[in-house]
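Only one structure is covered here, and it is reproduced in the block below.
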Amino acid sequence: MNKLPSNPQVLEKKALEKELNVVGQGLTYKELRKRWPEHREKIIKREIKSGGLLDSDELIKFLKEKGAPIDPKTKNIVRFAKNNGIKMKKFGRIGKAGYDPNYFFKPDNDKINEIIKNLKNNNNSFPGRKALQEKKREIIKVFNQSNPKEESKTSIAKEVEKTTKVKTNRKLVRSVLEDVKSKSEINKKLNRTVY
């Protein structure tokens, strides 16, 4: 599809008649302009359907089905798509009011796996919250199994990262241990005193 202008005034009468397929019907320029939005909307809908493009709700549903759930109340799905490299397309607004809706190309399996990995490393996402709970359990498990003065916060973080395959840092290790263990227990086990 050639890019159709949203404003029919940029087209001359002959071009409008040809585009609307009404050559020789004797319509005035004003009548042609009235038919323009409906014609443009049909063409846009046809391209969306033939291109397999998804609107915001369909993208959220598609990602959820593929194992990458995001919050359906997300207000800025466009930012999410840009941050995760999901290709988008704008056709321009239909009618006088509103905004230009974005349509999204379906991400392939490699892109979906990359999105899942990113979501797991973000503690504010659904998969990230689940991964955070798993990391906390694993931190306590590694700490409990270690010998006195054998581990450090960094070594525990690396061990947890190997097991869970999700980024873990020593700050998380410290906060988890402070919540669950006493200061004396932590100082006995870790090779460097924390307090």
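The values are calculated or read from the model by the stated rules, or taken from the named source; none is laboratory data. The structure displayed is predicted, hence computed values, not measured ones. In this analysis, Cβ positions are derived from the backbone assuming ideal geometry, glycine residues included, and neighbour counts consider all displayed protein chains.
From the set of residues in segment 133-153 that are out of contact with any strand residue (DSSP E or B) (no Cβ under 8 Å at 6 or more places or on another chain) and hydrophobic (A, V, I, L, M, F, W, C), which is nearest to Lys120 (Cα to Cα)? Step by step, filter segment 133-153, then rank; the result is Ile139. Screening Pro107 with (1) closer than 30 Å to Gly51 by Cα; (2) out of contact with any helix residue (DSSP H, G or I) (no Cβ under 9 Å at 6 or more places or on another chain) gives one miss only, at (2).
Scanning segment 69-91 for residues being of a type in the set (Lys, Arg), surrounded by 11 or more Cβ atoms within 10 Å (Cβ to Cβ) and under 8 Å from the mean Cα position of the chain (by Cα) gives a total of 1. Residue pairs whose Cβ atoms lie under 9 Å apart, separated by 6 or more positions or on different chains, with the first residue in segment 132-152 and in the same structural domain as Glu185 (by TED's automatic domain parsing) and at negative phi and the second surrounded by fewer than 18 Cβ atoms within 10 Å (Cβ to Cβ) and among the acidic types (Asp, Glu), are Lys135/Glu161; Lys136/Asp179; Phe143/Glu185.
Among helices (runs of 4 or more DSSP H) entirely within segment 115-195, having at least 1 residues that are touching an Asp or Glu at 6+ places or on another chain (Cβ under 6 Å) singles out 126-145, 153-164. Scanning segment 166-195 for residues that are under 20 Å from Gly128 (Cβ atoms) and surrounded by 12 or more Cβ atoms within 10 Å (Cβ to Cβ) turns up Val166, Lys167, Thr168, Asn169, Arg170, Leu172, Val173, Arg174, Ser175, Val176.
Screening Leu27 against (1) part of a helix (DSSP H, G or I); (2) among the aliphatic types (A, V, I, L, M); (3) more than 28 Å from Ile77 (Cα to Cα) leaves a single unmet condition, (1).
Any idea which residue in segment 37-60 is surrounded by the most Cβ atoms within 10 Å (Cβ to Cβ), counting only those that are part of a helix (DSSP H, G or I) and among the small types (Gly, Ala, Ser)?
Ser56
Within segment 154-164, the set of residues being surrounded by 13 or more Cβ atoms within 10 Å (Cβ to Cβ) and over 14 Å from Phe143 (Cβ atoms) comprises Glu161, Thr164.
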